[in-house]
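Structure first, commentary second.
The values are calculated or read from the model by the stated rules, or taken from the named source; none is laboratory data. Here the structure is a predicted model, which is why all the values come from computation and not from measurement. Here the Cβ positions follow ideal geometry from the backbone for every residue, glycine too, while neighbour counts run over all protein chains shown. What goes into the accessible areas is simple: the full protein's heavy atoms, side chains included, and nothing from ligands, DNA or RNA. Shrake-Rupley method; radii C 1.70, N 1.55, O 1.52, S 1.80 Å.
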Amino acid sequence: MAAAAVAVPLPKSSPLACRELNYGFLSGSPLKALCLHPKARRSKDRTELSLVIAASGAEASGGGRFYFNFTGFPFPLGPFLNRQTLRYEAVKNSIWLFEQEQALGFSSVSTNIRMTVIKLKSGGLWVHAPIAPTKECIQLVKELGAPVEYIVLPTFAYEHKIFVGPFSRQFPRAEVWVAPRQWSWPLNLPLEFFGIFRARILQDEDSSTPWADEIEQKVLSSPEVGIGPYVEVAFYHKRTRTLLVTDAVIYVPRQPPECISKESLLSSAKNGLAVKILSKGREVPEEPVVDNMMSRQKGWERMVLQILFLGPSNLLEPNASFSQMSQKLIVSPIVKTLVFSKVPEKVRDWIDRITRDWRFKRIIPAHFAAPINASRSDFLAAFGFLDDLLGERYVTRPSLALLFTSLLGKAASYFPPDDMRTLSSLDQFLVSVGAVKKTVSGRKK
């Protein structure tokens with residue numbers, strides 16, 4: 001067993017002190033299976049989060065990461081053969097985060113995908129959004145020393161659905177629960193095709209679930225906005241005051257997650273075809289990429305902008321746009337444009353119920369940074385764009401909270417117009433051909 005420690009400064013001035021669990025100094029080291037034990041200590045002018053990093057000797061050889069997957073439409077989900085798993089302790093003895101790299105097809109675009117595990121009062125484990133069940137991943141789960149009792153699929157999305165069946169076969173005694181109205185495209189395949197059998201359906205505000213005394217749930221189930229409905233289930237772990245979502249909100253960290261490989265970052269830093277297409281006629285230098293922190297950071301910034309905007313305005317020099325999109329709680333531009341803007345009433349009802357009933361102090365999404373230290377006002381602010389779409393404000397909100405949320409919402413909902421151009425054009429095209437509906441307040445526009 002090897003161990004190391006680091007102190008991460010968290011400025012008090014930041015409205016969202018997000019713990020970016022990134023450890024570049026471990027790159028290339030044999031420390032593979034990470035277990036973090038945070039301890040906060042205060043100094044005169046800042047708060048420091050002390051993290052103790054432990055490596056499991058069983059995985060130090062790098063074995064147990066093989067996972068074969070070439071499925072996905074329109075692009076297969078990588079990595080295709082090898083997936084490293086990292087484990088972080090988000091809340092001591094209560095909540096653990098498991099992360100793997102997730103790549104888009106054969107491109108140089110990757111992000112992290114996250115599984116969250118909560119220990120119940122029964123002593124068993126509740127698993128949210130399973131990831132690829134490699135030997136390393138399963139070993140890290142078993143090291144928690146508790147049986148897996150429930151496996152939960154909180155969304156319809158393929159990138160999360162694809163791992164539920166294989167993961168559940170590793171824990172055959174666990175009950176499988178899935179979000180309602182499951183569908184797939186281009187073929188609407190049954191859950192059994194994905195290896196998910198005898199699954200129970202998650203219902204909105206269901207007090208009869210086996211975990212209802214500890215974890216509450218609220219379902220967003222929208223009308224069909226195109227090829228299918230958007231469905232996501234939010235959960236609230238009462239004891240730790242933690243909100244779990246899948247894709248509803250994100251917090252882009254300044255530095256890349258540790259699970260994204262050096263090779264992926266350097267590949268993204270190369271001035272390839274995507275950079276040349278989006279360079280707007282500027283000369284793109286043909287120069288080798290040197291393996292250093294600057295190159296890896298540029299690779300990460302390019303990845304983020306492509307994930308958020310599909311076709312950002314300037315991949316050649318991504319820092320300006322990246323700075324505007326990182327280190328704040330936001331709704332992803334793609335989700336906002338192609339989904340939430342189509343069904344604003346449904347989304348407004350869902351987030352208002354979440355903020356009315358749940359007094360959370362942290363948020364754990366399925367991608368990018370987590371846990372995020374965020375309040376209900378921060379969460380509402382990320383959805384500030386709904387007020388403009390609906391043309392009204394809910395009178396149930398206190399006036400001071402309304403003002404504060406409005407101010408934060410303007411910042412959280414601002415996306416660089418040049419970067420939004422490709423996404424907006426795609427939206428208009430999809431609407432024009434009838435692939436996506438354009439709705440406001442539930443009525444076709």
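Using 0.36 nm per residue and subtracting the Cα-Cα separation, the extra length available between ARG282 and ASP388 on full extension is 34.5 nm. If both residues of a DSSP beta bridge must be in region 174-315, then about 85% of such bridges are antiparallel.
Using a cutoff of 8 angstrom between alpha carbon atoms and counting only pairs six or more residues apart, the relative contact order for region 207-256 works out to 27 percent. Taking the charge dipole of region 209-294 about its Cα centre, with +1 at Lys and Arg Cβ atoms and -1 at Asp and Glu Cβ atoms, the residue from GLY272, TYR230, VAL252 reaching farthest to the positive side is VAL252. Along its first, second and third principal axes, ordered by size, region 266-397 spans 57, 29, 20 Å in Cα coordinates.
Using a cut-off of 31 Å between Cα atoms, the listed pairs LYS161/LYS346; LYS121/LYS346; LYS142/LYS336 include LYS121/LYS346; LYS142/LYS336 as exceeding that distance.
Compared with the alpha-carbon gap, the fully stretched path from GLN139 to ARG241 is longer by 33.9 nm at 0.36 nm per residue. Across the cross-link table entries LYS328/LYS361; LYS218/LYS328; LYS92/LYS218; LYS276/LYS298; LYS119/LYS238; LYS92/LYS238, which are compared at the Cα atoms, the separations over 18 Å belong to LYS218/LYS328; LYS92/LYS218.
Remark: spin-label model distance GLU263-LYS92 equals 3.9 nm, labels positioned 7 Å along the Cα→Cβ axis. Were the residues from ASP349 through PHE68 laid out at 0.36 nm apart, the gain over their Cα-Cα distance would be 97.1 nm.
Once both labels are positioned 7 Å from their Cα atoms along Cα-to-Cβ, the gap between SER432 and PHE106 label points is 3.0 nm.
Our summary gives region 135-193 a relative contact order of 36 percent, counting only alpha carbon pairs under 8 angstrom and 6 or more residues apart. Normalised by the number of residues in region 193-327, the average gap of Cα pairs under 8 Å and 6 or more apart makes the relative contact order 18 percent. Per the Debye calculation on region 305-372 with a single equal scatterer at every Cα and no solvent contribution, log₁₀ I(q)/I(0) for q = 0.14, 0.16, 0.21 Å⁻¹ amounts to -0.58, -0.73, -1.07. Here the dipole of region 81-157 is about 160 debye; that uses its Cα centre as origin and unit charges on the Cβ of Lys and Arg (positive) and Asp and Glu (negative).
Counting only the heavy atoms of the protein chains, how much of ASP349 is accessible to a 1.4 Å probe, in Å² to the nearest 10? Around 80 Å² of this residue is reachable by solvent.
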